[in-house]
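The values are calculated or read from the model by the stated rules, or taken from the named source; none is laboratory data. The model shown is predicted, which means the values in this text are computed figures rather than measured ones. Heads up, the Cβs are rebuilt from the backbone with ideal geometry, glycines too, and the neighbour counts pull from every protein chain shown. Surface accessibility is based on the protein's heavy atoms, side chains included, excluding ligands, DNA and RNA. Shrake-Rupley method; radii C 1.70, N 1.55, O 1.52, S 1.80 Å.
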Amino acid sequence: EPEVTQTPSHQVTQMGQEVILRCVPISNHLYFYWYRQILGQKVEFLVSFYNNEISEKSEIFDDQFSVERPDGSNFTLKIRSTKLEDSAMYFCASSQDRDTGELFFGEGSRLTVL
Amino acid sequence: QKEVEQNSGPLSVPEGAIASLNCTYSDRGSQSFFWYRQYSGKSPELIMSIYSNGDKEDGRFTAQLNKASQYVSLLIRDSQPSDSATYLCAVNIITRGADGLTFGKGTHLIIQP
């Protein structure tokens with residue numbers, strides 16, 4: 001069964017460092033998303049991406065965040081200067097049909113900022 | 001502000017019984033409703049979607065939607081220990097599709113063998 005894959009599964013970084021989280025969405029999906037979940041808290045929407053541009057972003061997705069689809073398969077989330085409060089699980093998701101809202105999530109990348 | 005509220009639990013149900021999970025939402029414009037299951041340390045997994053008032057059944061799962069009351073529920077029949085997980089309710093406005101799905105904090109369900 002096709003799945004969304006994410007790397008790395010866990011990254012530890014020092015505050016102020018740049019981090020890139022990578023995702024390979026399901027191959028025939030056109031809509032891509034990043035969500036995050038701070039330990040013990042809700043899953044929160046960060047950004048959606050379609051046709052090589054951001055279609056929607058939340059207030060969490062400030063200037064330190066960026067997304068890119070550098071080639072035909074990878075979808076990346078970059079955090080420019082990490083803060084302690086960026087420590088969370090970051091989930092990539094993809095969808096074939098935006099209107100249904102049915103998302104398929106990757107296993108997540110756990111980011112720990114020290 | 002859009003909010004999705006769930007009782008965090010834990011909700012403890014004996015094996016074989018019906019588990020009933022509830023969710024309320026604040027945005028009357030919400031049109032798409034989802035139940036995700038999340039095992040500890042894992043990612044959310046879609047188990048049900050519902051878009052119109054009434055019941056929708058899929059195997060042991062039944063989703064119920066009442067837009068007038070802004071209420072969504074999930075029933076799990078013949079509960080199994082493997083159903084023990086956190087169940088997340090998520091909603092959105094249909095014109096935005098999956099953009100900006102709002103999740104509840106989840107209900108922790110424990111099925112007692």
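Condition check ((1) part of a strand (DSSP E or B); (2) among the aliphatic types (A, V, I, L, M)) across all residues:
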{"site": "B:VAL13", "(1), (2)": "yes, yes"}
{"site": "B:PHE34", "(1), (2)": "yes, no"}
{"site": "B:SER43", "(1), (2)": "no, no"}
{"site": "B:LEU46", "(1), (2)": "yes, yes"}
{"site": "B:LYS56", "(1), (2)": "yes, no"}
{"site": "B:LEU65", "(1), (2)": "yes, yes"}
{"site": "B:SER79", "(1), (2)": "no, no"}
{"site": "B:CYS89", "(1), (2)": "yes, no"}
inquiry  = Among the residues in the range B:3-11, are any among the charged types (D, E, K, R), more than 14 Å from every other protein chain (Cβ to nearest Cβ) and either open to solvent by less than 30 Å² (accessible area, probe 1.4 Å) or farther than 21 Å from A:PHE104 by Cβ (or both)?
reply    = no
ask   = Across the range A:32-80, which residue is most open to solvent (accessible area, probe 1.4 Å) among those that are of a type in the set (D, E, K, R) and within 25 Å of B:TYR36 (Cα to Cα)?
value = A:GLU59
query = Just for the range A:93-114: of the residues that are closer than 16 Å to A:ASN52 by Cα and not charged (D, E, K, R), which one is surrounded by the fewest Cβ atoms within 10 Å (Cβ to Cβ)?
reply = A:GLN96
ask   = Are there any pairs, at least 6 apart or on different chains, whose C-beta atoms fall under 6 Å, with the first in the range A:15-27 and basic (Lys, Arg) and the second outside any loop (DSSP other than H, G, I, E, B) and open to solvent by 50 Å² or more (accessible area, probe 1.4 Å), and if so, which?
value = A:ARG22/A:THR7
query = Do you know which residues across the range B:62-103 are within 11 Å of another protein chain (Cβ to nearest Cβ) and at pLDDT 95 or above?
reply = B:THR86, B:LEU88, B:CYS89
task = Could you check how many residues of the range B:7-27 are closer than 14 Å to B:TYR87 by Cβ and modelled with pLDDT under 95?
result = 3
ask   = If you go through the range B:3-23 one residue at a time, how many are under 10 Å from the mean Cα position of the chain (by Cα) and more than 20 Å from B:GLN80 (Cβ to Cβ)?
value = 3
Scan of the range B:34-74 for residues that are crowded, with 18+ Cβ neighbours inside 10 Å and hydrophobic (A, V, I, L, M, F, W, C), ordered by number = B:PHE34, B:TRP35, B:ILE47, B:MET48, B:ILE50, B:ALA63, B:LEU65, B:VAL72, B:LEU74
ask   = Can you name every residue in the range B:12-28 that is open to solvent by less than 30 Å² (accessible area, probe 1.4 Å) and under 15 Å from B:LEU101 (Cα atoms)?
value = B:CYS23, B:TYR25
request  = Check the range B:49-57 and report whether any residue there is touching a residue at least 24 places away in the same chain (Cβ under 8 Å) and over 20 Å from B:SER82 (Cβ atoms).
outcome  = yes
request  = Tell me, please, whether a residue that is more than 19 Å from A:GLU44 (Cα to Cα), touching a residue at least 40 places away in the same chain (Cβ under 8 Å) and among the aromatic types (Phe, Trp, Tyr) can be found in the range B:17-29.
outcome  = no
key: Unique match (being over 30 Å from A:LEU111 (Cα atoms) and within 12 Å of chain A (Cβ to nearest Cβ)) among B:SER20, B:SER26, B:SER30   = B:SER30
inquiry  = For a quick check of your reading: which strands (runs of 3 or more DSSP E) sit entirely within the range A:6-104 and have at least 1 residues that are within 14 Å of chain B (Cβ to nearest Cβ) and either among the small types (Gly, Ala, Ser) or touching a Lys or Arg at 6+ places or on another chain (Cβ under 9 Å) (or both)?
reply    = A:10-13, A:19-24, A:31-37, A:43-50, A:53-57, A:65-68, A:88-95
